[in-house]
Amino acid sequence: MPAPSAPSGFLPEPASLPAPGSAERWPWLQALGRQKPLRLEPWLRALEHGELEPQSDLLAVLADQLDADATLRLLRLWMRNPERSPSLPHRVGHVRDNAIAELLIAALADGSDALLEPAWRPLLLPLLGHQRRAGDFQVLRRLALEPGPLQLRLSALEGLSLGLSAWPLTELRNTLMTLATDLDPRLAAAAVDALARLPRARSLLIQLRRSALDASVAERLERRLRALPAHPLLLVVHGRADGVIPPLIRSLAAELERRRGAPVALRALTDPEPLSSLPMRESLALVPLFLLPGGHVRHDLQGIAAELRCRGSVRLLPFLGSWPLFQRVLAQEVEREGADGAVPRLLHHRVDGPLPERYLALLERVTGAPCLPTPESPADLAQLAGAHRGRLIPLTLGPSRLSDALIPIIGADAAAPLLARPPIWTMVLQALEELP
Amino acid sequence: MTKVELAKSSFCGLDLASRLDELGRTGWETLDEATLTIHLKWLGIFFRPVTPGRFMVRLRLPNGVLTADQLELLAEVVDRCGEHGSADVTTRQNLQLRGLLLEDMAPLMAALERVGLTSRQSGHDNPRNITGNPLAGIDPEEWVDTRPLIEAIQAVLLGPEGPRNLPRKFNVAVGGAPDSFLLHNDLAYLPSLREGELGFTVMVGGFFSAQRNELAIPLGLWLRAEQLPLFTLAVLRHYEHCGDRSSRQRSRLMYLIEALGLDGYRDAVLETYRSLGGDLAEGIPHDGSHLVTRAPRDVCGQHPQKQPGLCWVGLNIPMGRLDSTAMFALADLARDYGSGELRFSESQNVLIVNVPIERAAALRAEPLTLRFPSAPGPLLAEAISCTGNHYCGLAQIPTKSTALAVVEALEQRLEIPHPVRNHWTGCPNACGQPYMGEIGLMGAKARKDGQMVEAVKIFLGGSMSAEPQLALLHNKAVPLSDLTDVLETLLVERFGASRRPASE
C-alpha cells in the first residue's frame with residue numbers, strides 16, 4: 001500500500017508538522033523536503049524555543065538544506081541541551097564552513113566556561129576533520145597522541161583521516177607513524193590504514209614493519225602492503241669484464257627481490273649482451289648503483305633508459321651516491337674509521353669535468369673526509385696509503401679493480417668495498433626495499 | 001527546472017573521473033554541494049550525510065556475478081576502512097562499499113578497471129545494475145542463460161550512445177528461469193515462447209516508491225535475445241527525451257506510459273528503436289504471456305547444477321551485511337572449492353558455484369558457515385533488509401540489526417514449516433521492498449507508555465508467484481519492543497508455525 005501523499009493545502013510550517021507516530025508525518029516531511037529552498041528560520045526558531053523536538057526524521061529532512069548559519073544554531077542548541085542526542089552532530093554537521101570549525105574548536109576547549117562536557121567531545125572530532133582546515137591539524141594531532149580516553153583518541157584519529165589531504169604531510173606522516181606503534185591495537189590499526197593512503201605509503205609501511213607491532217596490527221600492515229605492490233627494479237652497475245657482476249652485488253639483488261616480492265634485475269654496463277635480452281616489465285624503476293656522476297651516469301644510463309622506454313614505462317632514479325641517506329651513512333663510516341683521530345681518505349675512480357668535481361666537494365663537506373683520485377700505478381697507490389697510515393676507503397660499491405688493488409697494500413678488511421660494510425649494506429638494502 | 005535537473009544539466013558527473021586523483025591529493029574542499037551529492041554518483045560515489053567524509057561506492061555487478069579476485073580486491077578496500085568499513089549485498093544483486101575516503105577513489109577506480117569491474121552510473125538518475133537469474137548458466141531449470149544478454153545490455157547502456165541524464169533512476173532486468181520474478185523493474189524481459197521459439201516478452205513500468213507502487217505490465221511486444229540491447233537503449237533514449245522532469249515524484253517510467261497511453265508509448269519506443277537501426281519487421285505483437293510461473297527459489301544450501309558432477313552452495317548472508325574478513329574468506333572458499341566465481345542473489349545471499357559434488361560437504365562445514373549458514377532458518381533464509389538508520393538519514397529504525405534480532409528470536413521460539421519471505425525497510429521509500437514480502441515491515445514511530453518509540457508497520461500478503469500481488473497494510477505501528485510477540489502470533493495464526501516447548 002503506498003503511503004498517503006502530502007495533504008492538499010500543505011503549509012511548510014512547524015505548527016503544521018504532524019506529531020511523531022502519526023501516519024501523516026512521513027509524507028508531510030517528504031513534502032517539506034521538496035520545498036527548495038526551504039525557509040529554515042521558523043524551524044530553527046521552533047527548535048530553539050523547545051516548540052519542536054529535534055527528532056531524527058525532521059533533522060534528516062532539514063539537514064539536506066542547512067547552510068552554515070543554520071548548522072551553527074543547531075550545534076549550539078545541541079550543546080546547550082542537557083538531554084542531547086548523540087546522533088545530532090553527525091546528522092547536521094556535514095556543512096563545511098569556517099564558523100562551524102571555530103565553534104567545534106571552542107567546544108573542545110577546557111576550562112570552567114567550557115561549552116561541552118569532555119565526554120561529548122569525541123563526537124565533534126570527526127566533524128572537525130571533515131572541515132579540513134589545515135590549522136586544525138595540531139588540535140587533532142595533540143588529542144590523538146596525548147594519553148587520554150581511548151574514544152577521544154580514536155575520534156581525533158578519525159578526524160585526521162577525514163581531512164587526510166588537508167594536513168601538512170611531513171607532520172602527518174610522523175604523527176601516524178607514532179600512532180601506528182601505539183599500545184592500543186585499535187588506534188594503531190586505524191593509523192596504519194591512514195598511512196596506507198599517503199604518498200610514498202609503501203616506504204612508510206616498510207619502515208613501520210621494522211617496529212614492534214601488535215600481531216593484529218602487523219597482519220593489517222601486511223595486508224596494506226600487499227595492496228601496494230612494488231614495481232620491478234633494474235639495478236645497473238658498472239660490472240667487471242664481460243659483464244661479470246660480483247657475488248656481493250648479486251646477493252644484494254637476491255635479498256632485495258625476496259624482501260620486495262617483486263622482480264629485481266641486474267645489468268652491468270660491461271655486459272656484451274644487447275639490452276633487448278633484458279626481460280622488460282610494463283613499468284620499472286631503473287636504479288643506478290653508481291657513486292659518482294661520471295660519464296656512465298650522465299650518458300650511458302640515459303641511453304639505457306631511453307631504449308627501455310620504447311618497451312614500457314621507466315622511472316630513472318638518481319644515482320646512489322647522490323642520495324642524502326647514503327651520504328649520511330658514508331659519513332658515519334668515515335667517523336667510525338677515523339675514531340682514533342686519523343681522518344680517512346675516500347679513494348675514487350678518476351673523473352673529469354665540473355659536475356664530478358662539485359659532487360666530490362660536496363661529499364668532502366658531508367663526510368669530512370678528503371676525496372682523492374686513485375693513483376695509476378701500484379707504487380703510487382702504496383705511497384698514498386703510506387702517507388695516510390692506510391686509512392683509505394675505496395669509493396666503490398662492490399669489489400672492483402680499485403678495491404682489488406688496495407687489498408695487498410692495506411689488507412682485505414680495510415680495503416673492503418662499501419657494500420661489504422654492514423651499515424652501508426643495511427642502508428642500501430632498506431632504501432631499495434622502500435622504493436615504490 | 002528543478003534544482004536537481006539544473007545541477008544535472010550543468011555538466012555530466014562522468015567528467016569528474018579525470019579529476020579524482022587531483023581531488024584526492026589536493027583536497028576536495030572546493031567541491032560544491034551539488035557536485036558532492038549529485039554528480040559524484042555518476043561515478044558510483046555517494047557522499048553520505050550521516051557519515052560526513054566517509055563515502056559509499058556502489059558497484060555494477062551484471063547478473064550479480066563476480067570473481068574471487070574481484071571480491072578480494074573489494075575486501076581490501078573495505079579492510080582499509082577499519083571499523084568504518086563494510087559492504088552490503090543489495091536487492092539488485094550488487095555490492096555497495098561503505099566507509100571510504102574520497103582519497104581512496106582514484107586508486108579504487110583504477111583498481112576496479114584492472115580487475116574488470118566498474119561503479120559507473122550506479123546511482124542517481126541512471127540505469128541501475130541489471131539483474132538476472134543468479135543461477136544463470138548453471139541452473140537445471142533455466143530457459144536461457146541471462147549473463148551474456150545482461151553483459152550486452154550493459155555494454156550498450158554504458159557505451160557512447162547510452163543515456164547520461166535520465167529523468168529518474170531506471171531498473172532493467174532479464175529473466176531466464178521459471179522463478180525469475182522481475183515485475184518490480186521499470187523494464188523487465190521475461191522468457192516467453194512464441195510459435196515455439198524462445199524469446200522475451202517485454203514488461204514495463206514496475207517500481208516502488210513512497211508515493212506509489214506498481215508491478216510492470218506487458219508492453220505487448222516479443223523480442224529475440226539479440227534484440228534486447230538495442231531495444232533497451234531505445235526505451236532509455238525515449239525516456240531520456242520524453243520523461244517528465246518537472247517533478248521527481250512523477251518521473252518514473254510508469255508515469256510516462258500513462259501520459260502517452262500504452263499503445264502510444266509502445267509506438268513511440270518502436271519509432272526510437274527503428275531510428276537506432278532496430279529491425280522489428282515481423283511478429284512482434286505479443287499477449288504478454290511468459291514462462292515465469294513461481295516465486296524465486298531459496299538459493300541457500302547445496303543444489304545440483306546442470307553440469308554433471310557439479311553443484312552450487314548458497315550461503316545466507318544475514319541481512320546482506322559483509323565485513324572484510326568475511327569477504328576475504330568467501331573469496332578463498334570460491335577458489336578452494338569452486339571455480340573462483342561467486343554470485344549474489346536478490347535475496348542478498350551468495351552462491352559459490354561449480355563445486356564438485358564430492359567437495360560440497362566439506363565446504364558446508366567450513367568455519368565461515370557458522371556466520372553464513374548454508375541451511376538458514378525459514379525466516380533468515382528469506383529475510384531482506386534495507387540499509388537502516390546507521391547509514392541512511394531517512395530510515396526510522398536500525399533495520400538490519402532489528403531484523404536479525406527479531407528473526408533469530410522467532411526461529412528460537414517457533415517451528416516454522418516453510419520459508420517465509422520477510423522484507424524489512426526503514427522508511428516508505430521501500431528500498432527493502434516490503435510490498436513483495438509475505439510479511440513486510442516498514443520503519444515508523446509509535447507512542448508507547450507516553451513515549452515516542454521506534455516501531456514498524458506490518459504488511460501482509462505479498463506474493464511473487466504466477467499471480468503476483470503486493471502486500472497490504474495489516475498493522476499501523478508496532479513498537480519494536482512488542483514486535484517479536486506480534487510476529488510470533490502472526491506466524492502461528494497465518495503461516496502454520498507452532499510454538500516450541502519452552503526450555504527449562
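Read the figures in this text as sums done on the coordinates, not as results from a lab. Every value quoted in this text rests on a predicted model; they were computed, and no experiment measured them. Ideal geometry is used to build each Cβ from the backbone, glycine not excepted, and the neighbour counts take in all protein chains shown.
Using only the C-alpha atoms of the range B:58-206, find the volume of their convex hull and express it per residue in Å³. Present the calculation step by step, with values, prior to reporting the outcome.
Details: hull volume 19.3 nm³, N = 149.
Given the Cα convex hull of the range B:58-206, per-residue volume reads 130 Å³.
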Per the beta carbon screen (other Cys under 4.7 Å), unpartnered cysteines of chain B come out as B:C12, B:C81, B:C242, B:C300, B:C311, B:C392, B:C427
With R₀ set to 51 angstrom, the calculated FRET efficiency between the beta-carbons of B:E113 and A:R365, to the nearest 0.05, is 0.55
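Got the relative contact order for chain B handy, in percent, Cα pairs under 8 Å and 6 or more residues apart? Let's see the in-between values first.
Details: 1157 pairs, mean separation 61.2, N = 504.
With pairs under 8 Å counted, the relative contact order is 12 percent.
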Counting only Cα atoms, I'd like the Rg/Rh figure for the range A:330-436, Kirkwood definition for Rh. 0.97
Potential lengthening between A:R298 and A:R142 on full extension [0.36 nm per residue; Cα-Cα distance subtracted]: 51.5 nm
Roughly what would the spin-label model give for B:D449 and B:A362, points 7 Å off Cα along C-beta, in nm? 5.4 nm
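Over all pairs of distinct alpha carbons, what does the Kirkwood formula give as the hydrodynamic radius of chain B, in Å?
On the way: mean 1/r = 0.0427 Å⁻¹.
Kirkwood radius, chain B: 23.4 Å.
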Can you give me the convex hull volume of the Cα atoms of the range B:49-128, divided per residue and expressed in Å³? 98 Å³
Cα to Cα, under 15 Å, and not fewer than 8 places away if on the same chain: which aspartates and glutamates meet these conditions relative to B:K8? B:D32, B:E33, B:D125, B:E240, B:D244
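Normalised by the number of residues in the range A:139-288, what is the relative contact order in percent for Cα pairs under 8 Å and 6+ residues apart? Write out the running numbers ahead of the final one.
On the way: 180 pairs, mean separation 26.5, N = 150.
Across the range A:139-288, relative contact order equals 18 percent.
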Assign unit charges at the C-beta atoms only (+1 for Lys and Arg, -1 for Asp and Glu), then state the dipole size of the protein assembly as shown relative to its Cα centre in Debye, rounded to the nearest 20. 1240 debye
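Report the FRET efficiency, 1/(1 + (r/R0)^6), for A:A331 and B:D323, where r is their Cβ-Cβ distance and R0 is 45 Å, rounded to 0.05.
Details: r = 50 Å, r/R0 = 1.10.
Efficiency computed from Cβ-Cβ geometry: 0.35.
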Members of A:K36/B:K169; B:K41/B:K400; B:K3/B:K169; A:K36/B:K476; B:K400/B:K476 lying beyond 26 Å, as alpha-carbon distances in this model show: A:K36/B:K476
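How large is Rg over Rh for the range A:292-334, taking Rg from the Cα atoms and Rh as the Kirkwood inverse mean of 1/r across Cα pairs? Intermediate results must be reported in sequence, preceding the final value.
Working: Rg = 13.5 Å, Rh = 11.9 Å.
Ratio of gyration radius to Kirkwood radius for the range A:292-334: 1.13.
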Over the protein assembly as shown, what portion of Cα pair distances is larger than 55 Å, expressed as a whole percent? 26 percent
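How would A:L150, A:L104 line up from fewest to most surrounding beta-carbon atoms within 10 angstrom?
If I rank by nearby Cβ atoms, fewest first, I get A:L150, A:L104.
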Neighbour-limited loop hits for GluC sites (Glu not before Pro), the range B:249-330 (at most 11 other Cβ within 10 Å; DSSP other than H, G, I, E, B): B:E282
For the range B:366-481, what are Rg and Dmax over the alpha carbons, in angstrom? 14.5, 49
For B:D139, A:D69, B:D15, ascending order of other Cβ atoms within 10 Å (fewest first) is B:D15, A:D69, B:D139
Place a label point 7 angstrom from the Cα of A:D69 along the Cα-to-Cβ direction, then list the residues of the range A:82-111 whose backbone nitrogen is under 16 Å away. A:97-100
Nitroxide proxy distance, nm - points 7 Å out along Cα→Cβ at B:D332 and A:R250: 3.9 nm
Column: log10 I(q)/I(0), Debye, Cα scatterers of the range A:135-219, q = 0.11, 0.18, 0.19 Å⁻¹: -0.24, -0.67, -0.75
Once every Cα of the range B:367-434 carries one equal point scatterer and solvent is ignored, give the base-10 log of I(q)/I(0) from the Debye formula at q = 0.14, 0.25, 0.26 Å⁻¹, two decimals. -0.45, -1.06, -1.10
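So what is the calculated 222 nm ellipticity per residue for the protein assembly as shown, using -39500 (n - 2.57) for each DSSP H run with n of 4 or more, over all residues, to the nearest 500 deg cm²/dmol? Don't skip to the answer; put the middle values down first.
Numbers: 34 runs with 356 residues, N = 940.
Calculated from helices alone, the mean residue ellipticity at 222 nm is -11500 deg cm²/dmol.
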Could you give the radius of gyration (one decimal) and Dmax (whole number) of the Cα atoms in chain A, in Å? 32.5, 109
Karplus-derived 3J(HN,Hα) from phi for the range A:92-101 (6.51 cos²θ - 1.76 cosθ + 1.60, θ = phi - 60°), whole Hz, x at Gly and Pro, runs 10, x, 7, 6, 9, 7, 4, 5, 5, 4
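State the dimensionless ratio Rg/Rh of the range A:82-192 (Rg: radius of gyration of Cα atoms; Rh: Kirkwood radius).
Numbers: Rg = 13.5 Å, Rh = 14.1 Å.
Using only Cα positions, Rg/Rh for the range A:82-192 is 0.95.
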Cα pair distances in the range B:124-216, grouped into 10 Å bins until the bin that holds the longest one, percent each: 17, 45, 31, 8, 0
Taking A:R389, B:R343 and counting other C-beta atoms within 10 Å, the order from fewest to most: A:R389, B:R343
Could you state, as a whole-number percent, how many of the C-alpha pairs of the range A:202-265 are farther apart than 14 Å? 65 percent
If every Lys and Arg gets +1 and every Asp and Glu gets -1 at its Cβ, then about the Cα centre the range A:218-358 yields a dipole, in debye to the nearest 20, of 580 debye
Strictly greater than 18 Å: what percent of every Cα pair in the range B:230-352 meets that? 69 percent
Near A:P149, within a Cβ-to-Cβ distance under 12 Å, what is the net charge of the other residues, with Lys and Arg +1 and Asp and Glu -1? 0
Kindly provide the pair-distance distribution of the range B:308-439 built from C-alpha pairs, with 5 Å bins from 0 and whole-percent values in order of increasing distance. 2, 11, 19, 20, 18, 14, 11, 4, 1, 0
Those residues of the range B:104-137 whose amide nitrogen sits under 17 Å from the label point placed on A:L228, 7 Å along Cα→Cβ: B:104-108, B:111
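So what is the relative contact order for the range B:29-76, in percent, with contacts set as C-alpha pairs under 8 Å and at least six apart?
Details: 24 pairs, mean separation 9.8, N = 48.
With pairs under 8 Å counted, the relative contact order is 20 percent.
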